[in-house]
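> The following block contains the structure, expressed as structure tokens.
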Amino acid sequence: MKFLTREEIADLDFVRQIVTNTGIMAHSFERLPGGTRSMAFAADNLVIRFPKAEVIWRTMQREKKVIDAILPYLQSKVPDKVHKIELIEEEYPFSVSKRFSGKICDNRGDGELTTGYDCLSLKQQENLARQIAKFFAAIHSIDYETLDIPSVENDMVAAMESWNVRARPDFDEEKVRAVLLQFSAGRIDLDIYKGTENDEIKALCHNDLSGSNMLIEPEEYNVLNGVIDFGNARVVSVAEEFFPLYKISRKLALDTLSIYNKIVMYPLSLGQIEGMALRYIAYGLSRCVDIAPNTYLLRLLHMFLEK
């Protein structure tokens, strides 16, 4: 089993031939944006994802099992928002799924394959928050203990995102609080962000619903066409589900939380959600405090300083 190198990924004809050799014929074939753990290509109405390493391939195998287990339930709650994936285990392994129409919603502005959150109308932003909240409520209400949800192997954990930095062995609350005070010019103090018992409730979470994992149709009233990439899905504190939304917009995170709290039995506290996001940002800044600050983290922090 082999995994594509950076040079091979750049050779579109080479990648297309790998796919064609498995019997998948496509008139069009193009590279898709995004991809920290896998590289995606569009083959007509299909999405082909090549893992970057063996451990990523195993997370994709796990992802298929997760989707197969939860899709019947999600289909009744949020129909047509998730597609099944199939795995092709050839010399270069890859996954295949049906392609959602629309664009990913990252912060690169409006383009052929991407759209910015700020490019949506206020009504569309409201509808997006409502659809995400409904999706969260659906997946969180699944009784995962009765389903065949595969466990997470130890080496897979390193390949998954973890937003709760408090669980990391080198996390220092006072250091993080001091860094946050420093970079916010004393305006943000972690001590004021308090949680509740509900914030510790665990559920099966998508756990990575950032802009690159949702497909948006910017010309439609109901803008969320699909949710992809369940490779990070696992049982965690429900509060962790909301941080990836901050990567898109703090407004989206807060709007989603507000709607979510109206439709679930156990509402989450604003202090816990905001505190988790700020700790993640400050923890990252604390690790580069002696060098140039991370501009991405500073951009996230700036959202909390805007009036």
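The values are calculated or read from the model by the stated rules, or taken from the named source; none is laboratory data. Keep in mind it's a predicted model, so treat the numbers as computed, not measured. FYI the Cβ positions are ideal-geometry reconstructions off the backbone, even for glycines, and counts take in every protein chain you see.
> Only residues that are assigned to a helix (DSSP H, G or I) and in contact with a Lys or Arg (Cβ under 8 Å, 6 or more places away or on another chain): list them for region 156-179, please.
Selection gives 156, 165, 166, 173, 176.
> Please enumerate the residues belonging to region 88-146 that are without any contact (Cβ under 8 Å) to a residue 60 or more places away in the chain and over 28 Å from residue 60 (Cβ atoms).
109, 116, 121, 122
> To continue, here is another question. Restricting to region 49-95, what's the tally of residues that are within 19 Å of residue 31 (Cα to Cα), in a loop (DSSP other than H, G, I, E, B) and within 20 Å of the chain's Cα centre (by Cα)?
Here the count works out to 2.
> Here's a follow-up. Taking region 84-98 on its own, how many of its residues are surrounded by 14 or more Cβ atoms within 10 Å (Cβ to Cβ) and either closer than 18 Å to residue 155 by Cβ or at pLDDT below 95 (or both)?
Count: 1.
> Scanning for something surrounded by fewer than 19 Cβ atoms within 10 Å (Cβ to Cβ), among the aromatic types (Phe, Trp, Tyr) and assigned by TED's automatic domain parsing to the domain that holds residue 256, does region 152-169 turn up at least one residue?
No: region 152-169 contains no residue that is surrounded by fewer than 19 Cβ atoms within 10 Å (Cβ to Cβ), among the aromatic types (Phe, Trp, Tyr) and assigned by TED's automatic domain parsing to the domain that holds residue 256.
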